[in-house]
There are 2 protein chains.
Amino acid sequence: MTRICLIGAGPSGMSMLYNLAKMKEQGKHIPDVVCYEKQSDCGGLWNFDWRTGVDEHGEPIHGSMYHHLWSNNPKECLELPDYTFDRHFGKAIPSFLPREVILDYLSGRWKTVNATKFVRLNTIVKNVVYNSDKDNFTVWARDQVEDKDLPLEQFSHIVVATGHFSVPNTPYFKGVETFPGRVLHSHDFRDAREFKGKQLLVIGSSYSAEDILLQCVKFGAKSIVCSSRSGPMGFKWPAQIQERPLLEKIEGQTVFFKDGTSTEVDAIIYCTGYKHTFSFLPDNLRLQTENRFYPPNLYKGIVWIKTGNNKLMYIGMQNQFYSMTMFDVQSFWACRVILGEKTLPEKDTMEADITRWTQKLERVTSIAQAMDFQTKYVMDLCRDSGYQYNLDVKDILNDWDQKKRESIITYRDNVFKSKFTGTVSCKPPKPFMAAFEDSLDSFCKLNLH
Amino acid sequence: MTRICLIGAGPSGMSMLYNLAKMKEQGKHIPDVVCYEKQSDCGGLWNFDWRTGVDEHGEPIHGSMYHHLWSNNPKECLELPDYTFDRHFGKAIPSFLPREVILDYLSGRWKTVNATKFVRLNTIVKNVVYNSDKDNFTVWARDQVEDKDLPLEQFSHIVVATGHFSVPNTPYFKGVETFPGRVLHSHDFRDAREFKGKQLLVIGSSYSAEDILLQCVKFGAKSIVCSSRSGPMGFKWPAQIQERPLLEKIEGQTVFFKDGTSTEVDAIIYCTGYKHTFSFLPDNLRLQTENRFYPPNLYKGIVWIKTGNNKLMYIGMQNQFYSMTMFDVQSFWACRVILGEKTLPEKDTMEADITRWTQKLERVTSIAQAMDFQTKYVMDLCRDSGYQYNLDVKDILNDWDQKKRESIITYRDNVFKSKFTGTVSCKPPKPFMAAFEDSLDSFCKLNLH
């Protein structure tokens, strides 16, 4: 009997439930599905959690969300073709959206099919075991509010959609254990206002660093030194931000860099990325990968081919230029496989397919090529699954990247055009760097043109 | 076959290993034992970890240790009779010791029998299952450095010594999610210097609150409002500290109390205690308790009586006036049971014993009575196990509590007399509130009289 255990009710998991519900609307027979979500609400990393560290039940906090976060991607890159922004908001809105607005949009789509009814909130999966004799899985889950194990249950399929921006990568630097100020990872960053008037060291050069640097300047940090292994990011930063090479050591409040320079700081913010971590999975089921555009051992980036039965799947485990739309076509593809509408090829064919993509990825050396790679991946899934929309937004991604390169400070003030509705977004009423209020409430009251 | 899986290499777990090794020295046959420790070193909460939240493998940080922590108890209350402070340090030292000095003392004792050789560091226990057919346990452990599961292993006995000051209790207060400054639990407190010049709200009235209030004043906090449910702590605080009733709500930087007063703060520190949490145990093996002097379902405070075979034990799960010595006699008692030198009574006798102690505890209404209760518990274990030392330090505990009540600021400057050596400790060269350097190194160089 087909029974799906879906783990995680963020954008990926909810896309899975959305697609199942849609198929049911089309009269298809949908198997039993239960989605375990450890947070108290759906939304994954788009939920804001004021706690850091562990939650009220002692489990690691999932979210890395902070006050005043706006998407760093125009909404036109993540717009879902069957539930457009026009449909949700009923009018043109700006391209770069505050966190609550994004979550509101996603929730709106889930509501159209009541997808949340399959979700068991506050429930953590503690362990999944593959039973080779029965070719199924036993799942140990726990109701965190009742503080009680659920009865062990058996499932034919496991779909892991727990995200990979939750477990911080926090390398050691000599002397950090003696630093007298706050040391935190971007995962624990909640509000830039904490750092008003402060001298900061930010370590890292990827999206978290980009955004946290801007946030801290926006909310009044005195000065920020940004240290990275991979060299300057190449943006025209505001005067408060200086780039330096990699951190070498820390002595008291003084931080020393590889080029021999040093400076005093009040706090150290690690923007050193995240680790793919699945603490509830034993090795034979556990994806082990860095953050890459084609993780190993996943056919079509989805099906775990290492443990026999091909009934363990992962959604959303790639590094991402595409996000919501990629999760959606991945979920659609996975649903068709689970429903038996698509048959998986033999193992060697799947392995050869993975090898082909991996070899392609090895030739990728620029951001534009990475965008192109992921576009091809998404389009391949569309074709292979019969997804009815064209999800290609490569030109928007390139345009966005170009604009970000031109000005990291103002790129969020640009407008883009929807692929699906043709609607051109409106200019934000205030530029990003001058907009200090970002709640859904205030956004809905905006007088947009 | 007797095989012990010991979980945790803090003071409790290491006492277990110490006692086993001692028994071996006495020519007894000692069963196989392996101790899994998730940290990279032995010492439990006495290890300092600069990280907060999760460790480099994504698991919750164990320690709540911070820079400049000194024991809040005189060392004469935790001195181990067979390894005295005189023996370790070779001279009289002060009564209240910085964290590194305590750890050094404990390590010294472990070294005498090479107890650490049984410890597998960087190894986390993910799951323990009781097999009723074989009357044993299957343990899933994971090598965190290799990022690899260990083969599933079977053990006859499980000893849980994972502590209970690791998982923060962090209740919600209205509006906390909008607070613009840092919100942290004492579990994540690492250095009071971070809060120099700041206005703070500390929530709580127990030992964490006491100590963090003093630390923050010592290192230059501008002002601290301390809010608690249970009413003023009754100490004569320095002028920077004001006590208030329970927090009611938070609006922006303003915190409001039940008495209608309010104030502005820069950061909020929860000193709201810890939860007994055993995320690796299913319900049938899991101690569920508040922090009390006699946790439920544990015969002699040690043996789990709920799951049939009485081969699951817990060490150190009580609320504590006694610490190191209590762990030691508990471990000694547990070792004698495991070695078959002591036979457990029938289940109804064990239940009746638990009930008797629980009823006694219900009549405890003061700190002095609680100290007396725990003294009786410790002495009962001594008698019942044939422990060869008298661990009663009730008079020192009472004296300490009295001195703390007289002056929370200077109580750590007092001297006490060892029960075991008769040695009177020496005055610290600087009073606690004026001693800003506290490393083991600097301590060893002190010119003590």
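For the criterion of being more than 30 Å from B:K403 (Cα to Cα) and within 10 Å of chain A (Cβ to nearest Cβ), B:Y172 passes.
The range B:214-327 holds strands (runs of 3 or more DSSP E) entirely within its bounds, and those carrying 2 or more residues that are free of Cβ contacts under 8 Å to residues at least 60 places away in the same chain and more than 22 Å from the chain's Cα centre (by Cα) map to B:223-227, B:241-244, B:254-257. Within the range A:18-33, is there a residue that is in a loop (DSSP other than H, G, I, E, B) and either crowded, with 23+ Cβ neighbours inside 10 Å or within 14 Å of chain B (Cβ to nearest Cβ) (or both)? No.
Scanning the range A:196-213 for residues that are more than 23 Å from A:S166 (Cβ to Cβ), in contact (Cβ under 8 Å) with a residue 60 or more places away in the chain and not basic (K, R) yields A:Q199, A:L200, A:L201. Screening the candidates A:D392, A:D380, A:D372 for the property of being in contact with a Lys or Arg (Cβ under 7 Å, 6 or more places away or on another chain), of a type in the set (D, E) and not assigned by TED's automatic domain parsing to the domain that holds A:G234 yields one hit, A:D372. Quick check: anything in the range A:81-90 closer than 30 Å to B:G53 by Cα and of a type outside the set (D, E)? Within the range A:81-90, not a single residue is closer than 30 Å to B:G53 by Cα and of a type outside the set (D, E).
Does B:D372 fit the bill of being touching a helix residue (DSSP H, G or I) at 6+ places or on another chain (Cβ under 7 Å) and over 27 Å from B:G108 (Cα atoms)? Yes; evaluated as a whole, the condition is true for this residue.
Contact map, the range A:370-388: residues that are of a type in the set (D, E) paired with residues that are part of a loop (DSSP other than H, G, I, E, B), Cβ distance under 9 Å, separation 6+ or inter-chain. Pairs shown: A:D372/A:V364; A:D380/A:K300; A:D384/A:K300; A:D384/A:K342. A single member of A:I302, A:I269 is away from chain B (no Cβ under 14 Å) and β-branched (V, I, T), and it is A:I302. Out of B:W70, B:W46, B:W50, report the one residue that is within 14 Å of chain A (Cβ to nearest Cβ) and modelled with pLDDT of 95 or more. Just one listed residue meets the conditions, B:W50.
Being loosely packed, with under 14 Cβ neighbours inside 10 Å and modelled with pLDDT of 95 or more is a property that holds for A:T349. Residues of the range A:374-381 include none that is surrounded by fewer than 13 Cβ atoms within 10 Å (Cβ to Cβ) and assigned to a helix (DSSP H, G or I). Screening the range B:185-213 for residues that are within 11 Å of chain A (Cβ to nearest Cβ) and in a helix (DSSP H, G or I) and picking the one that is farthest from A:R51 (Cα to Cα) gives B:R193.
Put simply, of A:F321, A:F293, A:F280 the only residue that is in the same structural domain as A:L391 (by TED's automatic domain parsing) and either closer than 26 Å to A:V33 by Cβ or among the aliphatic types (A, V, I, L, M) (or both) is A:F280. Among the residues making up the range A:410-445, those that are surrounded by 17 or more Cβ atoms within 10 Å (Cβ to Cβ) and part of a loop (DSSP other than H, G, I, E, B) are A:N414, A:F416, A:S418, A:K419, A:F420, A:T423, A:S425, A:P428, A:A435, A:D438. Just wondering, is there one or more residues in the range A:176-184 that are facing another protein chain (nearest Cβ under 10 Å) and free of Cβ contacts under 8 Å to residues at least 60 places away in the same chain? Within the range A:176-184, one or more residues are facing another protein chain (nearest Cβ under 10 Å) and free of Cβ contacts under 8 Å to residues at least 60 places away in the same chain. Counting only strands (runs of 3 or more DSSP E) wholly contained in the range B:92-172, the ones carrying 2 or more residues that are surrounded by fewer than 22 Cβ atoms within 10 Å (Cβ to Cβ) occupy B:123-131, B:136-143, B:153-155. Of the residues making up the range A:434-449, just one is of a type in the set (S, T, N, Q) and modelled with pLDDT under 80, namely A:N447.
The values are calculated or read from the model by the stated rules, or taken from the named source; none is laboratory data. On a predicted model such as this, the values are computed, not experimentally measured, just so you know. Neighbour counts run over all protein chains shown; Cβ positions are idealised from the backbone, glycine included.
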